[in-house]
Amino acid sequence: MKKSNQYKQKIFFWSGFLVLVFSAVLIWFYIFPNSYFSRFLTERFPFPAVIIWDKYPHIITFSETEENLRAVRNFYEKQNFSDLGIRIDFSTEAGKKRLAIKEKEVLNKLVEDKIIELLARKNGLEVSQDYLDQKVARHLEEYGGTNAVYEKINNIYGWDIEKFKKKIVKPDLYKEKTREIFQKETENESAAARASIEKAQEFLRLNNNDFVQAVQLYSEKNSPEKGYLGWFKKTDLDPRVAEAVFALPIGGVSDIIETDLGFHIVKLENKNTEKKMVEISQILKAKPLFPDWLENKMKNMSVWVLNRNYFWDKKNLLVDFSNPDLREFEKEYKKEN
C-alpha cells in the first residue's frame, strides 16, 4: 500500500512538473516569439500558433507557418522581377516588414484552409490520399510531364511533390468539396434570383426592351441609376459577360448570363471599335457568394492566435498585426502596390 501511494505521488509530481514546463514554454513563446530558443523548438515540436475551436480544438503550428513562409520567400527570391522594376530584398528594415506582411498572409491562408477542411469533414466530405494522387497524376502531363513539374515545384517552393500535394492541391480540393455544401445550402436563394431575372427578361420582351424600367423593377436595390456601368475593355469584364456583350449590336440586349456574382442581363449602349471598348448597362440579380457564406460559418468558430505579433480580428475575421506601426506600413504598402 505504501509503495502504491509513493508511486501515485511520483506520477502526480511529474505530471504537475510537465504541465508547469509546458506552460512556461508557451508563455515564453508568447512573450518572445522571435527568439532563437522559440524558433529552435517550434521547428522541432508541434507548438500551436493558432487554435481553432469547433467542438474541439484544431491547431495550426508554428512550424507549419514557418515552412510555408520559407516557400513564399523562396518564390520571391528565386523569381526575376527586374522587368517590372521590382527588387526583392527581405534583409532591409522595409524588407523585414514586407516579409511580416507575407507571414500574416500565410497565417490567414492557413486559418481559412483549416476552417474549409473542417466544414467539409463535418459534412462527411473527405479528400483521401488516393483521390489526391489521382487528381495530381491527371494534371501532370498537362504541365510538361512529371519530371518537369517536380523541377518547377522544387525551384519555386523548395518542396518535393508530396509537400506540394499537401500544402497546395489538398486545400484546393477541400475548397471544391466545401463549395458543394455551399451550393446545396444556398440553392433556394439562387433559384429565387434566377426566377427574378427571368421575370425581368419577360418584362423586356413584352415592353419593347424598356431597360430603365426593368432595372427599377428587378435589379438589385444598390444597382447604379438606370443600371449604367460605363466603359470597359474586354479584359475588364467577366469572360462570360464579355463574350455576350461584344457580340451584341449597339442597343442590343443579352440573354441571361450567369456568373459567380449572380444573373445578368446586359445592354450594349455604345461601342468604340478602335479602342476595343464597350459602354454597358445591366440588370443584376445577385446570388449568394461563397466568401459571404464562409464568413458566416467562421463567425460560429472561436480562433485564438498564440503568436504575440498577431491577434484575431473578430470583426473582420482575420489575423492582424498587434503592432499598429506594421498595420500602417501595410496600408501604405498596399496603396503603392
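Regarding Asp113, is this residue at pLDDT 90 or above, assigned to a helix (DSSP H, G or I), out of contact with any His (no Cβ under 8 Å at 6 or more places or on another chain) and more than 26 Å from Ser63 (Cβ to Cβ)? No; evaluated as a whole, the condition is false for this residue. Just one of (1) among the hydrophobic types (A, V, I, L, M, F, W, C); (2) in contact with a helix residue (DSSP H, G or I) (Cβ under 9 Å, 6 or more places away or on another chain); (3) part of a strand (DSSP E or B) trips up Trp304, so point out which. With respect to (1) among the hydrophobic types (A, V, I, L, M, F, W, C); (2) in contact with a helix residue (DSSP H, G or I) (Cβ under 9 Å, 6 or more places away or on another chain); (3) part of a strand (DSSP E or B), Trp304 is out only on (2). Of the candidates Leu125, Leu173, the single residue that is closer than 30 Å to Glu64 by Cβ, touching a residue at least 12 places away in the same chain (Cβ under 8 Å) and not in a helix (DSSP H, G or I) is Leu125. Against the numbered list (1) part of a loop (DSSP other than H, G, I, E, B); (2) under 19 Å from the mean Cα position of the chain (by Cα); (3) of a type in the set (A, V, I, L, M), Ile181 comes up short only at (1).
If you go through the range 177-231 and keep only what is closer than 15 Å to Ile265 by Cβ and of a type in the set (Ser, Thr, Tyr), you end up with Ser196, Tyr218, Ser219, Ser223, Tyr228.
The one condition from (1) surrounded by fewer than 14 Cβ atoms within 10 Å (Cβ to Cβ); (2) in a helix (DSSP H, G or I) that Val241 does not meet is (1).
Could you grab me the full set of residues in the range 310-329 that are out of contact with any strand residue (DSSP E or B) (no Cβ under 7 Å at 6 or more places or on another chain), farther than 18 Å from Glu117 by Cα and surrounded by 14 or more Cβ atoms within 10 Å (Cβ to Cβ)?
Residues satisfying the conditions are Asn323, Leu326, Phe329.
Considering the range 189-221, the residues that are among the β-branched types (Val, Ile, Thr) and over 30 Å from the mean Cα position of the chain (by Cα) include one that is surrounded by the most Cβ atoms within 10 Å (Cβ to Cβ), namely Val215.
Could you say whether any residue in the range 155-167 is closer than 26 Å to Asn316 by Cβ, touching a residue at least 40 places away in the same chain (Cβ under 8 Å) and surrounded by 14 or more Cβ atoms within 10 Å (Cβ to Cβ)?
We begin by selecting, within the range 155-167, every residue closer than 26 Å to Asn316 by Cβ; these are 167.
Subsequent filtering for residues that are touching a residue at least 40 places away in the same chain (Cβ under 8 Å) retains 167.
Restricting the remaining residues to those that are surrounded by 14 or more Cβ atoms within 10 Å (Cβ to Cβ) gives 167.
Checking the range 155-167: at least one residue is closer than 26 Å to Asn316 by Cβ, touching a residue at least 40 places away in the same chain (Cβ under 8 Å) and surrounded by 14 or more Cβ atoms within 10 Å (Cβ to Cβ).
Among the residues making up the range 276-299, a single one is free of Cβ contacts under 8 Å to residues at least 40 places away in the same chain and more than 25 Å from Arg194 (Cα to Cα): Lys299. Taken over the range 137-148, the criterion of being out of contact with any helix residue (DSSP H, G or I) (no Cβ under 6 Å at 6 or more places or on another chain) and part of a helix (DSSP H, G or I) is satisfied by Ala137, Arg138, His139, Glu141, Glu142, Asn147, Ala148. With respect to (1) hydrophobic (A, V, I, L, M, F, W, C); (2) buried (at least 17 other Cβ atoms within 10 Å of the Cβ); (3) outside the structural domain of Gln213 (by TED's automatic domain parsing), the lone exception for Val253 is condition (3).
Might you check whether a residue that is part of a loop (DSSP other than H, G, I, E, B) and not aromatic (Phe, Trp, Tyr) occurs anywhere in the range 277-286? Explain how you work it out, then say what you get.
Of all residues in the range 277-286, those part of a loop (DSSP other than H, G, I, E, B) come to none.
Taking every residue of the range 277-286 in turn, none turns out to be part of a loop (DSSP other than H, G, I, E, B) and not aromatic (Phe, Trp, Tyr).
Report yes if Ser63 is within 28 Å of Lys175 (Cβ to Cβ), among the small types (Gly, Ala, Ser) and modelled with pLDDT of 80 or more, otherwise no. The answer is yes for Ser63.
Would it be correct to say that Arg121 is closer than 25 Å to Pro291 by Cα and modelled with pLDDT under 95? First the steps, then the outcome.
Details: closer than 25 Å to Pro291 by Cα: yes; modelled with pLDDT under 95: yes.
Judged against the criteria, Arg121 is a match.
Of the residues making up the range 204-220, not a single one is closer than 30 Å to Lys297 by Cβ, outside any loop (DSSP other than H, G, I, E, B) and without any contact (Cβ under 8 Å) to a residue 12 or more places away in the chain. Taking the criterion of being under 28 Å from the mean Cα position of the chain (by Cα), loosely packed, with under 14 Cβ neighbours inside 10 Å and farther than 16 Å from Val278 by Cβ, the only residue of the range 222-238 that qualifies is Asn222.
The values are calculated or read from the model by the stated rules, or taken from the named source; none is laboratory data. These numbers come from a predicted model, not from an experiment. Reconstructed Cβ throughout: ideal geometry from the backbone, glycine too, with neighbour counts over all protein chains shown.
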